[in-house]
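In what follows, a structure is listed as structure tokens, so that the remarks can point back to it.
Only the coordinates and a few stated rules stand behind these numbers; no lab work does. Note that the structure is predicted; figures quoted are calculated from it, not measured. Cβ: placed from backbone, ideal geometry, glycine included. Neighbour counts: every protein chain shown.
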Amino acid sequence: MENRLLEVEGVSKQYRLGMIGGGTLHGELTSWFARVRGKEDPNTKIGREHVSYGERFWALRDVSFNVDRGDAVALIGRNGAGKSTMLKLISRITAPTEGEIRIRGRVASLLEIGTGFHPELSGRDNVYLNGAILGMSRAETSSKMKDIIEFSEIEQFIDTPVKRYSSGMYVKLAFAVAAHLDPDLMICDEVLAVGDLAFQQKCLTKMSEIARSGRAVIYVSHNMRTVSQLCNRGLYLENGRLGYDGTVERAIELYGGSSARSLRRNLDEVTRTNYRGQTMRMLDIEFHNTQALEYEQDAAMEFTLTSVAHIADPRLRIRLILQNSIATPIAMTQTEPFEVAAEETFTRRVRFPLNGIAPGEYIIKLSLVSGTPRGKTMYYDTIVDVSRFIVTDDPAVNEGFIWSERLWGNMRLKPLELQ
């Protein structure tokens, strides 16, 4: 028990929808006065015809877990699973409706960009402010100042008011402060995605050092590569309940199975942007020759795409854009053109060779496109995150090497030839 930093016991959190907390005090008062008189709420967003005031919503239900010194814990789950709510409870930003949270030691939280910073104060003054919040003396904070400034990479702007910082500068300073002011438990919620790739890796290395030094880290991210790199334990949340507490690998599997890594998906219900999907629309996709959307290197993916065309097109194509785990496009491929008739529901089975794709986690972006006579592309329908899949590492294929995505990228070139 002496190594235990955090105990979460039977914690639940309930919210009342449509009540206080949605805007300014003036807005809340005008909304309340309109409800009392039976009038329409003047602050209701356009497109929302009805608000269920007072309806109760459980963001978390009966969650229990512990965190010990040396733990690097990944909190994994889909959007709305309750991850951010749990971190706010641990950070004491809000209180649980039921249950108890016991903390031993200092907690440093990095939940949103600029959290804990006063916009009118300089970066240096905000470091002292955060140190005071954590219970450190000015002398203790001053002894860490040089390391914080060096780590944040913003020495030139450290005496500038933080209201003039970019989002990347905010994150760099906020992480440097949180990591160097000796927290016993460090909490990080996805904000590292704002920083550049080099700084993300630097932060992951620092969090690993924190865990190895006898402290603890709780990390929330949708980037499963960084989760598997940093964490030694995974907590999987689904619909506000703790579904699994154990290895990171199994938590990632559960997360993949609960989201877009399913073998069949209804694409008709996916929200589109820019009015696409009106004249042609993808309806359904089903993946074959796989059990969990995991493929060996140089294998092939096969899927069947069902769509509907409301107009005729003699040169329609299915275009696939491959993105890496942080949604950066890395490659594009497409089918040969084919013809569809107006008001036709058509099905095409597609084979996608994975030759040359390095081990890692990938995202599929699909489009129905047609080429114009001048060589331009007309997009009928696009879905950004159709599915996610994994290419497993095989040192035998890499001539004995374990592939490093961070150092070598996402594409494997053919061997160099000696002349």
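Here are the numbers:
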item: Net dipole in debye of the chain [+1 Lys, Arg Cβ; -1 Asp, Glu Cβ; about Cα centre; nearest 20]; result: 900
item: Extension gain, Ser137 back to Ala95 (0.36 nm per residue minus Cα-Cα distance, nm); result: 12.4 nm
item: Rg to Rh, two decimals, where the range 71-258 supplies the alpha carbon set and Rh follows Kirkwood; result: 0.97
item: Global form of the range 264-408, assessed from the alpha-carbon gyration tensor, a/c cut-off 1.5; result: prolate
item: Taking the chain and dividing mean pair separation by its residue count, relative contact order in percent (alpha carbons under 8 Å, at least six apart); result: 14
item: Gain on full stretching of the segment that runs from Arg37 to Ala396 - 0.36 nm per residue minus C-alpha separation; result: 121.9 nm
item: Global form of the range 158-231, assessed from the alpha-carbon gyration tensor, a/c cut-off 1.5; result: oblate
item: Dipole axis of the range 264-408 (+1 Lys, Arg; -1 Asp, Glu on Cβ), positive-most option in Asn355, Thr271, Ala300; result: Thr271
item: Spatially proximal aspartates and glutamates relative to Lys39 (Cα-Cα < 18 Å; intrachain offsets below 8 disregarded); result: Glu28, Glu49
item: Spherically averaged projected area of the range 146-193 from its Cα convex hull (nm²); result: 3.6
item: Footprinting exposure proxy for Arg272, Arg37, Arg225 (fewest neighbouring C-beta atoms within 10 Å first); result: Arg37, Arg272, Arg225
item: Selected from Trp403, Asn66, Leu110, residue furthest toward positive end of dipole (the chain; charges at beta carbon); result: Leu110
item: Cβ-derived FRET efficiency at R0 56 Å, Ala341 paired with Asn66, nearest 0.05; result: 0.35
item: Sequence of Leu121, Leu134 once ranked by neighbouring C-beta atoms within 10 Å, starting from the fewest; result: Leu121, Leu134
item: Alpha-carbon Rg/Rh ratio, for the chain, with Rh computed the Kirkwood way; result: 1.01
item: Cα-Cα over 29 Å, subset of Lys202/Lys414; Lys88/Lys144; Lys206/Lys414; Lys13/Lys365; result: Lys202/Lys414; Lys206/Lys414; Lys13/Lys365
item: Under DSSP loop assignment and at most 16 Cβ neighbours within 10 Å, longest chymotrypsin sites (Phe, Trp or Tyr not before Pro)-free interval of the chain; result: 54-274
item: Paramagnetic reach from Ala327 in the range 265-296 [backbone N under 16 Å; point 7 Å along Cα→Cβ]; result: 271-274
item: Principal-axis tilt of helix 167-180 within the chain, Cα atoms, nearest 10 degrees; result: 50
item: The range 264-408: relative contact order in percent, alpha carbon pairs under 8 Å with at least 6 residues between; result: 26
item: Contour excess over end-to-end distance, with Cα ends at Arg374 and Leu416 and 0.36 nm allotted per residue; result: 11.3 nm
